[in-house]
């Protein structure tokens with residue numbers, strides 16, 4: 001695994017997961033029921049198909065959070081401001097994008113576990129790359145062509161979009177990197 005810093009607030013790690021691990025996540029997810037993904041607007045989830053029209057699967061997994069944290073922790077800033085990195089959000093999402101689906105330019109919101117623990121960084125793992133389109137574009141910064149097993153980490157406030165899929169199906173595993181306020 002190798003960290004590649006694309007911007008002070010964006011980095012990737014190629015081969016973060018193996019192709020087998022990625023295909024296992026896809027296979028397991030397809031045994032579940034995906035739902036239409038909503039957009040978080042002021043703490044409320046709303047359907048905005050003009051902005052986002054992909055599907056998602058939500059699940060909680062503390063063991064997965066611990067396992068992936070042990071792999072990503074050496075690459076993550078241990079402190080941001082007066083906050084210390086403490087692990088991953090145990091709420092995971094698998095996003096599925098079919099042809100014609102995308103998530104237009106947006107910013108990710110912070111997840112607050114309690115008054116002292118909150119997310120600062122988004123953490124995505126691309127589970128496949130056998131599709132066309134679907135790049136992750138950061139406005140005026142960089143565009144990332146996903147590769148199977150590649151991890152992407154970035155600060156929540158950065159404007160970005162998941163470009164439209166033109167053929168095939170894209171799968172992404174997503175959660176957040178949690179920080180605790182230093183008292």
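The values are calculated or read from the model by the stated rules, or taken from the named source; none is laboratory data. This structure is a prediction, so every number in the text was calculated from the model and none was measured. Ideal geometry is used to build each Cβ from the backbone, glycine not excepted, and the neighbour counts take in all protein chains shown.
Residues checked against (1) over 18 Å from residue 146 (Cα atoms); (2) at pLDDT 95 or above; (3) assigned to a helix (DSSP H, G or I):
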residue	(1), (2), (3)
5	no, yes, no
67	yes, yes, yes
104	no, no, no
109	yes, no, no
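The one condition from (1) under 24 Å from residue 180 (Cα atoms); (2) modelled with pLDDT under 85 that residue 60 does not meet is (2). Residues in the range 120-141 that are part of a strand (DSSP E or B) and crowded, with 16+ Cβ neighbours inside 10 Å: 10 in all. Of all residues in the range 57-74, those that are touching a residue at least 12 places away in the same chain (Cβ under 8 Å) have Cβ atoms under 7 Å from Cβ atoms of residues that are in a helix (DSSP H, G or I), 6 or more apart or on another chain, in 57/29. Hey, does the range 17-39 have a residue that's crowded, with 17+ Cβ neighbours inside 10 Å, in contact with a helix residue (DSSP H, G or I) (Cβ under 7 Å, 6 or more places away or on another chain) and either modelled with pLDDT of 95 or more or part of a strand (DSSP E or B) (or both)? The answer is no, given that none of the residues of the range 17-39 is crowded, with 17+ Cβ neighbours inside 10 Å, in contact with a helix residue (DSSP H, G or I) (Cβ under 7 Å, 6 or more places away or on another chain) and either modelled with pLDDT of 95 or more or part of a strand (DSSP E or B) (or both).
Quick one: which residue in 73, 117, 84, 90 is over 21 Å from residue 6 (Cα atoms), in contact with a strand residue (DSSP E or B) (Cβ under 8 Å, 6 or more places away or on another chain) and loosely packed, with under 15 Cβ neighbours inside 10 Å?
On the way: 73 fails: over 21 Å from residue 6 (Cα atoms); 117 fails: loosely packed, with under 15 Cβ neighbours inside 10 Å; 90 fails: loosely packed, with under 15 Cβ neighbours inside 10 Å.
Selected residue: 84, the only one of 73, 117, 84, 90 that is over 21 Å from residue 6 (Cα atoms), in contact with a strand residue (DSSP E or B) (Cβ under 8 Å, 6 or more places away or on another chain) and loosely packed, with under 15 Cβ neighbours inside 10 Å.
Quick one: is residue 146 surrounded by 16 or more Cβ atoms within 10 Å (Cβ to Cβ), touching a residue at least 24 places away in the same chain (Cβ under 8 Å) and under 22 Å from residue 5 (Cα atoms)?
Working: surrounded by 16 or more Cβ atoms within 10 Å (Cβ to Cβ): yes; touching a residue at least 24 places away in the same chain (Cβ under 8 Å): yes; under 22 Å from residue 5 (Cα atoms): yes.
Answer is yes for this residue.
In the range 156-183, of all residues being at pLDDT 95 or above and more than 22 Å from residue 28 (Cβ to Cβ), the one that is nearest to the chain's Cα centre (by Cα) corresponds to 177.
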